[in-house]
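The values are calculated or read from the model by the stated rules, or taken from the named source; none is laboratory data. Please read all numbers here as calculations on a predicted model, not as lab measurements. Counting neighbours? That spans all protein chains shown, and the Cβs are built from the backbone with ideal geometry, glycine included.
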Amino acid sequence: MNVPELLEAASLLVPEEIATENDITVNDVWDYLAKDEWEVALGLLEELGDVHPLPLSFWESLATAAEQMRLEKSAAWCHWRGYETRNGIIRADLTLRPGTEARRQTPISGAGVLRPMWNIGNRTATGEPDLNIALLWVELTPFLEPGGRASVRLAPLDPSQWQHLQPNQVITMHEDRSVDDTAVVLEVHRPTATPSP
């Protein structure tokens, strides 16, 4: 499928009654599609996808359209949202230690590149902390500076290890075995889609 067909297919999956905080609806998307404003239509569909859970095929169509338009960040975000549809959403409030107190001296990329380890309370057979890996997406900013604080989304490599997380639970991020940064879980949502075999 080409870009307009992919965006149209995604649009058909959005309920007409869904609206963003700015009262954007799928009808606005159709207006931009009629004008061949594909990038604007894609952005509006991403916003609508944040308002109401939509099926995996919605995010897959958007990711493919973004890839065809060479919009790397949008494609990465849509792939991320597809992952969350299959595996659930974990959001947390992350505070990085200042550069004077931590090993990290450079900002963290916000676009799901970093794969740190997390102490989420799991233990090994000998009682030691068992660290789990999750990709990190920083919300609303392209990067997070040392000493900074932001809402983040986590994409665990093994989602089954994270099922026990609850809002307000404190977890720690590690880029090595030392304690680095602290996060407070904001929300946990179970998957909205059945994982593929």
Quick check on segment 135-153: of everything there that is among the charged types (D, E, K, R) and within 21 Å of residue 83 (Cα to Cα), which residue is surrounded by the most Cβ atoms within 10 Å (Cβ to Cβ)? 153
When residues of segment 145-173 are filtered for being in contact with a Leu (Cβ under 6 Å, 6 or more places away or on another chain) and in a strand (DSSP E or B), how many remain? 3
Scanning segment 113-144 for residues that are part of a strand (DSSP E or B) and over 13 Å from the mean Cα position of the chain (by Cα) gives 117, 118, 119, 123, 129, 132, 133, 143, 144
Across segment 57-79, the tally of residues that are in contact with a Lys or Arg (Cβ under 7 Å, 6 or more places away or on another chain) and farther than 14 Å from residue 14 by Cβ stands at 0
Name the residues in segment 48-71 that are of a type in the set (Asp, Glu) and at pLDDT below 95, would you? 50
Could you give me the residue pairs with C-beta distances under 6 Å whose first residue belongs to segment 154-165 and is closer than 16 Å to residue 183 by Cα, whose second residue is surrounded by 11 or more Cβ atoms within 10 Å (Cβ to Cβ) and of a type outside the set (A, V, I, L, M, F, W, C) wherever it lies, and which are 6+ apart or on separate chains? 155/83; 162/156
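Results for (1) within 24 Å of residue 81 (Cβ to Cβ); (2) among the hydrophobic types (A, V, I, L, M, F, W, C); (3) at pLDDT 90 or above, shown as yes or no for each residue.
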| residue | (1), (2), (3) |
| --- | --- |
| 114 | yes, yes, no |
| 121 | no, no, yes |
| 133 | yes, yes, yes |
| 155 | yes, yes, yes |
| 160 | yes, no, yes |
